[in-house]
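The values are calculated or read from the model by the stated rules, or taken from the named source; none is laboratory data. In this text, all values refer to a predicted model and were calculated from it rather than measured experimentally. Here the Cβ positions follow ideal geometry from the backbone for every residue, glycine too, while neighbour counts run over all protein chains shown.
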Amino acid sequence: MALFATALAAALSWWGWRGRLDSPLARTAASARALGLLALLLLLLDPGFVTSTLRRRAMVLLDNSVSMHATGGRAAEAAALGATLGDTSTFGELARGEPGGRTALTDAMGGAVASGRAVVVVSDGEIADRAAIPPALLARATVRLVPRPTGPDQALVDVQGPTRIAMGDSLWLEVAGLRTAGAPDSATIELREGHTVLARAVLRFGKVDRARVRLGAMLPSSMRGEHWLEIARVGAPDAEPLDDVRWWLLTVTPTPGIVVIATSPDWDSRALYRALREVASAPVRGFVQIEPGQWRRMDDLRKVSAVDVTAAARGADLLAVRGDPQPWRRAGRARLLWPPADQPGDWYLGPANISPVAGAFVGVEPDSLPAAVAVHRAESDTLGAWIGAVARQAKRGRAVPVITGRDGVGGRTVTIGADGLYRWAFRGGASDQVWRSLIAAVTSWLLASPDTDGARARPLVPVTQRGRAVRFRWTGQGVAAPMAIAFSDGAVTSTDTLRFDGNGEAAVALRPGKYHYTLAGGGQGMVGVEPFADEIVPSPVTLREQAATASPVVPRRSLRELLPLFFLALAGFGSEWMLRRRLGLR
């Protein structure tokens, strides 16, 4: 292509100056035209060029994921090996220099191969996206493995439970364990705070590799506020001690976050209490009045005084009342009032207009839901900002508002005016999902009242695995805006900026540790990055050692990237024009 452009430029220059080449100035002008035409043709045809300097040293992709730094990991050895093989570039990182919790190689390999250099991958072979790497791409890379030694291991891979409970409540955590070949078929698990053991249980695998166990503890009455707990496997050491301990940040509040009061026991109150416990992350406590003035807790039927019930209701973030709501209309920060209905019949509920609870009915035919046995028509002063559901007797007639909500000076209030909704939960299937979604939507709206501490962002989870970003969610008013945040581990304080995405979430990369964070403009709390990560648990080696079976594709750059070619074209044509003027030509 370049030879063709040279020949064509020379021919066109000769043709334009033929018959005048006996003059030195004419020959110089013809040469200037040829130079300008050659530069112009090269820019138009763009044959490209090869940069041979890029192929002098290999591109080494160095695995810097968490598994490389586990017990027995050979991260230092891998780094030394990579330095002898070429120019190193790390992959599998959470942030620069901070190991990541998932080893993904596909994107890094694609970029390295595109550079045209020989590619060498140095890893322990535990690659999460190995199946997604195209064979043709993998064939262009040489793989060198530095696998970590493996042995019998028992790992605590998951912990589920509440992060907030009220004083006097029992704490229950569900722990999942995993064992590798050769590990014992049981393990002793302890729940402890510092050196104090709060609970102990035995995790039994039997003939399977995964098992679960529940840890229950009655916390000391003096415990309140935020507490760092550990769930630990105790006993003989195994191949990987870093997966034997999990962290849990527990907040013990003086009063429950959600209080359920049933002035008279019935199935609706039990269904409400159960649904709130399942869908809400805040601690839930229920009280039922067996006889006038005699109250018991709904979980264990322990006797409580009317004074304790009143105190819990006043301090609740959300107060749910089934029965006569009149004495409780000003208690709590937000209220769910469910008075007894007074119009019996078969009433079928369906969504009304756009409201915070409209999503609960999406995809479900209202006629497929069990009928309510009675309704209570909302009074005019009860109707507020929205109507969530209406009921029609025998599927016809005038619609009666039965779920309404309003936001007033004393906080948000939702009123439910239909009896027999417990049958939605009893039937199961789609009806149960509608019931749970309805209660979840009502709870979210009621608890979304502006916080008194002024915090505009909160962590999604209090404890994050090593190698994963700590994520915050925007909870302030208006559009999410960047916000400064400071982290302190007791010795060092660092600052960062929360930049929220379209979902109102922001991520910050932190090293393992326990941190106290402070937000600009108000708001603080605790977050932790535990030493455990899913990659710590020994996993199969999915990448094998190999030599590259395909030659690197030499990259070609566009000539249009070279600015001198543009100046050369201008200089050639400009010089020809000036020489033509000297020769008296136009």
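Give Ala385, Ala391 a once-over and let me know the one that is crowded, with 17+ Cβ neighbours inside 10 Å and over 29 Å from the mean Cα position of the chain (by Cα).
Ala391 is the lone residue from the list that is crowded, with 17+ Cβ neighbours inside 10 Å and over 29 Å from the mean Cα position of the chain (by Cα).
Considering region 274-292 alone, what residues qualify as being out of contact with any strand residue (DSSP E or B) (no Cβ under 7 Å at 6 or more places or on another chain) and of a type in the set (A, V, I, L, M)?
Correct list: Ala275, Val279.
Considering only region 223-238, state which residues are assigned to a loop (DSSP other than H, G, I, E, B) and farther than 20 Å from Arg164 by Cα.
If the condition is that a residue be assigned to a loop (DSSP other than H, G, I, E, B) and farther than 20 Å from Arg164 by Cα, then Gly235, Ala236, Pro237, Asp238 are the ones that fit.
Select, from Ala95, Ala155, the only residue that is under 29 Å from Ile231 (Cα atoms) and crowded, with 19+ Cβ neighbours inside 10 Å.
On inspection, the qualifying residue turns out to be Ala155.
Consider Thr464 carefully, then state whether it is surrounded by 20 or more Cβ atoms within 10 Å (Cβ to Cβ), more than 30 Å from Glu365 (Cα to Cα), polar (S, T, N, Q) and touching an Asp or Glu at 6+ places or on another chain (Cβ under 9 Å).
yes
Applying the selection to region 1-40, what residues are among the charged types (D, E, K, R) and outside any helix (DSSP H, G or I)?
Matches in region 1-40: Arg18, Arg20, Asp22.
Would you be able to say whether some residue in region 218-227 is assigned by TED's automatic domain parsing to the domain that holds Ile165, under 16 Å from Glu174 (Cα atoms) and in contact with a Ser or Thr (Cβ under 6 Å, 6 or more places away or on another chain)?
Scanning region 218-227 turns up at least one residue that is assigned by TED's automatic domain parsing to the domain that holds Ile165, under 16 Å from Glu174 (Cα atoms) and in contact with a Ser or Thr (Cβ under 6 Å, 6 or more places away or on another chain).
Might you check whether a residue that is closer than 30 Å to Asp243 by Cβ, of a type in the set (A, V, I, L, M, F, W, C) and over 27 Å from the mean Cα position of the chain (by Cα) occurs anywhere in region 35-52?
no
Quick check on region 180-219: of everything there that is in a loop (DSSP other than H, G, I, E, B) and either touching a His at 6+ places or on another chain (Cβ under 9 Å) or aromatic (Phe, Trp, Tyr) (or both), which residue is farthest from Pro149 (Cα to Cα)?
Leu219
Between residues in region 101-113 that are in a helix (DSSP H, G or I) and residues that are of a type in the set (Lys, Arg) and crowded, with 17+ Cβ neighbours inside 10 Å, which pairs lie under 8 Å by C-beta distance while being six or more apart or on different chains?
Val113/Arg140
If only one of Leu447, Leu421 is at pLDDT below 90 and surrounded by 15 or more Cβ atoms within 10 Å (Cβ to Cβ), which one is it?
One residue alone meets the criteria, Leu447.
So how many residues does region 225-253 have that are surrounded by fewer than 20 Cβ atoms within 10 Å (Cβ to Cβ) and of a type in the set (Val, Ile, Thr)?
4
Quick check on region 269-327: of everything there that is assigned to a helix (DSSP H, G or I), under 36 Å from the mean Cα position of the chain (by Cα) and among the small types (Gly, Ala, Ser), which residue is surrounded by the fewest Cβ atoms within 10 Å (Cβ to Cβ)?
Gly315
In region 283-296, which residues are closer than 15 Å to Ile165 by Cβ and at pLDDT below 90?
Pro283, Val284, Arg285
Out of curiosity, is Arg246 under 28 Å from the mean Cα position of the chain (by Cα), more than 30 Å from Gly323 (Cβ to Cβ) and at pLDDT 90 or above?
For Arg246, the condition - under 28 Å from the mean Cα position of the chain (by Cα), more than 30 Å from Gly323 (Cβ to Cβ) and at pLDDT 90 or above - is met.
Name the residue, out of Arg406, Arg398, that is of a type in the set (Lys, Arg), surrounded by fewer than 20 Cβ atoms within 10 Å (Cβ to Cβ), touching a Gly at 6+ places or on another chain (Cβ under 7 Å) and free of Cβ contacts under 8 Å to residues at least 40 places away in the same chain.
Arg406
Among the residues of region 328-359 satisfying the criterion of being touching a Pro at 6+ places or on another chain (Cβ under 7 Å) and assigned to a strand (DSSP E or B), which is nearest to Ser269 (Cα to Cα)?
Leu337
Pull up region 547-566, narrow it to residues that are hydrophobic (A, V, I, L, M, F, W, C) and surrounded by fewer than 12 Cβ atoms within 10 Å (Cβ to Cβ), then point me to the one that is modelled with the highest pLDDT.
Ala547
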